[in-house]
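Read through the structure below, which is laid out as structure tokens, and then see the notes.
The values are calculated or read from the model by the stated rules, or taken from the named source; none is laboratory data. Every value quoted in this text rests on a predicted model; they were computed, and no experiment measured them. Don't worry about glycine lacking a Cβ; one is built from the backbone with ideal geometry, like all the others, and counts go over all protein chains shown. Quick note on the areas: whole protein, heavy atoms, side chains included, nothing else; ligands and nucleic acids left out. Shrake-Rupley method; radii C 1.70, N 1.55, O 1.52, S 1.80 Å.
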Amino acid sequence: MTAYDSALDFGLLFLRVVLGVTMAAHGYNKFFGGGRIPGTAGWFESIGMKPGTFHARVAAATEMAAGIGLAVGLLTPVPAAGFVALMLVAAWTVHRANGFFIVKEGWEYNLILATTAVAIATIGAGKYSLDYLLFRDAGIADLLHGWCGLVIALGLGLAGGIGQLVIFYRPPAKTDA
């Protein structure tokens, strides 16, 4: 292993852990912070994601599972797909009307999180990951990065996010003020 390979694998570890822990923290907060599941459920209902309690639990669990899965590098394209689905739904339901920039509560942050997760799935989790530890000799390692990683992360994520929006999202009626 060259110094470049070692630095690349460490860089991937660093990126995966920061991105994954960030997402997991959002899920943890939905379960245990502020308004917890009931508060999150009420907010989800108010933005058109019904039933709110179901979506609060699914979002919190998915954020924690995708975050932890990406952080440890386990079946990396699958948690990356979770990032895509979560961020697509968040961008569409909450941030779309605010434009691109996060300073105006736009969808910029959602795009960065989803894109970074897909990029990690495409590059691979690196040697400091459970994917490498568990699957490097198992014959499926090649399915966990490259074009396969990209297609799984993006395809599964888009299908999950779009499916959730089509099935459950009902925008609240606009009221004249």
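At a glance:
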{"item": "DSSP-assigned coil residues among chymotrypsin sites (Phe, Trp or Tyr not before Pro) in the stretch 73-111, each with at most 13 further Cβ atoms within 10 Å", "result": "Phe100, Phe101"}
{"item": "Within the accessible area of the chain (1.4 Å probe), percent carbon and sulfur", "result": "71 percent"}
{"item": "Qualifying aspartates and glutamates (Cα of each under 16 Å from Cα of Lys174; at least 8 residues distant if same chain)", "result": "Glu45"}
{"item": "Mean Cα-pair separation over length for the chain, i.e. relative contact order, pairs under 8 Å, 6 or more apart, %", "result": "26 percent"}
{"item": "Solvent-accessible area per residue for the stretch 44-177 (1.4 angstrom probe, square angstrom)", "result": "54 Å²"}
{"item": "Coarse-grained scattering of the stretch 38-78 at q = 0.16, 0.23, 0.32 Å⁻¹, given as base-10 log I(q)/I(0) from a Debye sum over alpha-carbon atoms", "result": "-0.47, -0.66, -0.93"}
{"item": "Cα gyration tensor of the stretch 1-99 - equivalent ellipsoid semi-axes, whole Å, descending", "result": "31, 14, 11"}
{"item": "Distance in nm between pseudo-label sites at Phe31 and Arg170 (7 Å out along the Cβ direction from Cα)", "result": "3.0 nm"}
{"item": "Cα pair distances exceeding 27 angstrom across the stretch 3-168, given as percent", "result": "25 percent"}
